[in-house]
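Report on the following structure.
The values are calculated or read from the model by the stated rules, or taken from the named source; none is laboratory data. Bear in mind the structure is a predicted one, so any value in this text is a computation, not a measurement. No Cβ is skipped: glycine too gets one built from the backbone with ideal geometry, and neighbour counts run over all protein chains shown.
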Amino acid sequence: MAQYSYKIVDKAGKTKRGTIEAESIDKAKNSLKAEGSILSLEEASALSKDINISFGKKKKVKVRDMGVFCKQFKSILQAGIGMVDALDMLAQQTNSKVLKEALKNVKDNVQKGDTLNMAMRKEGTVFPSLLLNMIEAGEASGSLEVALDRMSTHFDKDARLKGLVKKAMMYPIVLLIVTVIIVVIMLVKVLPGFASTFASMGSELPAYTQFVMGLSDSLIETWYLWVLGIVAVAFVYRTYAKSESGSRKIAAIKLKIPILGDLFTKTECARFSRTLSTLLAAGMPLIEAIETTGKTLDNVMFKDALAEAVIQVQRGAPLSAPIKASGIFPNMVVHMLSIGEESGNVEEMLDNVAEYYDEEVTLATDSATAMMEPLIIVVMAVVVVGIIAAVYAPVLSMYNLAEG
């Protein structure tokens, strides 16, 4: 969303300046009309943006906390409690400091006459654009509770998907860290103890042993260079990953990684299907729904595919055509979407696709964990045994010479 600088005269007759985030200048204008008369409104420049935006964005609320918020909000409204009191109760109940502060501001702005959607948009990136669009649609149609119920389900399932992916990634990362720690301890603490023994042998050490001993000496004597090297590599990778070309290459590589690539693809398909279905069911126009869905995805390749889909749909093509042409969506998604377009039942078909890929992500996570566990253990064993072999190779060589 863009940020706009404004100058208004509020209902108390005071001049007020500030900035507001909105998807377009028209939406910004609609949000400000409730506060007073607009004197000026223009897109904010780098110098006129809020300090919070310039020096650091607000932290985002966890998906699970957002799901709990939507569920509690729906229940409170169903109980017949007014909007202001409901927001006050929600602010007191949440454990998220960011959400608590945002809800207090929302409550104050609703009391001043803002709609819920307008008040929430003023909190910047705290509330996801998907939720804001659903709230706006719910208020317009008088079905706010239905919108909150849908978003509660959406956030719960999205949190579950993210949890499964983290589970699949966490195990190999932990084992890798353990492996590195073991190797460093052996090189820094264990191998130096054998240096005097090797020196007393008087014979030339095998090349492999010399390499490992040299690595040990390097870690002990120039450890700071290793640390600087690791930091430099991390910095270069981070910078490259943020660049336009780098982010696309890394995103493409992630989808091709054995075992994990399939998991990443299925996760994005589940999120794409559920988000688009939710927005279409709320009455959002298809093009706007595709744009919003693209913002919720993680992989740049899928974001690019949906950006191209927006262009093709604007030209009159069915959504299934650019989705198929992208080459990254599985045939299952393309076929189900095509059937939904032909039958006029796209939302239901997308729901079915989302449910299918939810199960597929669970199976893929279990499969990835089961396959990586023995693989990583073997790698650990090979590394450790390799270091031990470097220590005992000279001893065995001397023993064989003595026997000979």
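Some values worked out for this structure:
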| item | result |
| --- | --- |
| Some residue of segment 108-116 being touching a residue at least 12 places away in the same chain (Cβ under 8 Å), surrounded by fewer than 17 Cβ atoms within 10 Å (Cβ to Cβ) and touching an Asp or Glu at 6+ places or on another chain (Cβ under 9 Å) | yes |
| Residue in segment 43-55 that is under 23 Å from the mean Cα position of the chain (by Cα) and either at pLDDT 90 or above or among the hydroxyl-bearing types (Ser, Thr, Tyr) (or both) present | yes |
| Residues of segment 205-230 that turn out to be among the aliphatic types (A, V, I, L, M) and without any contact (Cβ under 8 Å) to a residue 12 or more places away in the chain, as a count | 5 |
| Residue 138 vs. criteria in a helix (DSSP H, G or I), of a type in the set (Gly, Ala, Ser) and under 18 Å from residue 78 (Cβ atoms) | yes |
| Enumerated helices (runs of 4 or more DSSP H) restricted to segment 167-269, each holding at least 3 residues that are under 24 Å from the mean Cα position of the chain (by Cα) and surrounded by 11 or more Cβ atoms within 10 Å (Cβ to Cβ) | 223-242, 244-256 |
| Any hit, segment 73-95, residues being aromatic (Phe, Trp, Tyr) and at pLDDT 90 or above | yes |
| Residues satisfying the stated conditions in segment 285-313, i.e. charged (D, E, K, R) and more than 17 Å from residue 249 (Cα to Cα) | 288, 291, 295, 308 |
| Hits in segment 69-109 (condition: closer than 14 Å to residue 127 by Cβ, β-branched (Val, Ile, Thr) and not in a loop (DSSP other than H, G, I, E, B)) | 98, 106 |
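For (1) among the β-branched types (Val, Ile, Thr); (2) closer than 30 Å to residue 278 by Cβ; (3) outside the structural domain of residue 133 (by TED's automatic domain parsing), each residue gets a yes or a no:
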site	(1), (2), (3)
181	yes, no, yes
190	yes, no, yes
196	no, no, yes
215	no, no, yes
219	no, no, yes
222	yes, no, yes
234	no, no, yes
241	no, yes, yes
254	no, yes, yes
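Per-residue answers, yes or no, for (1) modelled with pLDDT of 90 or more; (2) surrounded by 13 or more Cβ atoms within 10 Å (Cβ to Cβ):
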| site | (1), (2) |
| --- | --- |
| 341 | yes, yes |
| 344 | no, no |
| 362 | no, yes |
| 365 | no, yes |
| 368 | no, yes |
| 377 | no, no |
| 381 | no, no |
